[in-house]
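Below is one structure, written out as structure tokens; the observations come after it.
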Amino acid sequence: MLKGFKDFILRGNVIDLAVAVVIGAAFTAIVTSFSDNLINPLIASIGGANADGLGFYLRAGKEATFIDFGKIITAALNFLITAGVVYFIFVLPMNKFKEFSAARAGTTDEDEDSVILSSEAELLVEIRDLLKAQRSQR
């Protein structure tokens with residue numbers, strides 16, 4: 001029972017996805033605060049003294065028509081910062097750990113790929129032979 005759970009947990013895709021979701025969600029608040037309090041004021045200062053930031057109004061005097069490029073830039077920076085932290089702090093070390101474990105066990109990804117490819121090739125040969133036999137019976 002525990003071996004099955006261990007195999008499930010140590011499967012690469014499950015770990016990567018779980019880490020990305022949990023840590024990404026938790027780290028988003030920090031990145032958003034950083035962006036709102038540091039990056040947004042810097043971007044808004046580029047817009048000029050009488051502007052509301054880096055953007056413009058489609059119709060003067062209507063707040064709902066303001067296109068804010070600063071918020072778009074901030075959202076892109078939020079994404080890049082969060083993705084970078086999740087990758088370099090969690091995913092990269094986990095991949096190194098998996099490589100270390102595989103090297104310690106004496107297996108490589110190429111060995112596993114060749115086994116999969118050879119079994120797929122065998123299956124394709126069997127299908128080809130069955131199709132030839134079926135054509136010859138006609």
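Take segment 27-73 and flag every residue that is at pLDDT 75 or above, within 26 Å of Val85 (Cα to Cα) and in contact with a Gly (Cβ under 7 Å, 6 or more places away or on another chain).
The answer is Phe69, Gly70.
Can you name the residue in segment 60-108 that is part of a helix (DSSP H, G or I), among the charged types (D, E, K, R) and over 25 Å from Val21 (Cβ atoms) and, of all such residues, is least open to solvent (accessible area, probe 1.4 Å)?
Restricting attention to segment 60-108, the residues satisfying the condition of being part of a helix (DSSP H, G or I) are 63-65, 69-105.
Imposing the further condition that a residue be among the charged types (D, E, K, R) reduces the set to 63, 71, 96, 98-99, 104.
Subset that is over 25 Å from Val21 (Cβ atoms): 63, 104.
Numbers: Glu63: 141, Arg104: 191 Å².
Among them, the one singled out is Glu63.
Which numbered condition in (1) loosely packed, with under 12 Cβ neighbours inside 10 Å; (2) among the small types (Gly, Ala, Ser); (3) over 26 Å from Leu17 (Cβ atoms) is the only one that Ser33 fails?
(3)
The values are calculated or read from the model by the stated rules, or taken from the named source; none is laboratory data. Source: prediction; values computed, not measured. We place every Cβ from the backbone using ideal geometry, glycine too, and count neighbours over all the protein chains shown. The accessibility values were calculated without ligands, DNA or RNA, using every heavy atom of the protein model including side chains. Shrake-Rupley method; radii C 1.70, N 1.55, O 1.52, S 1.80 Å.
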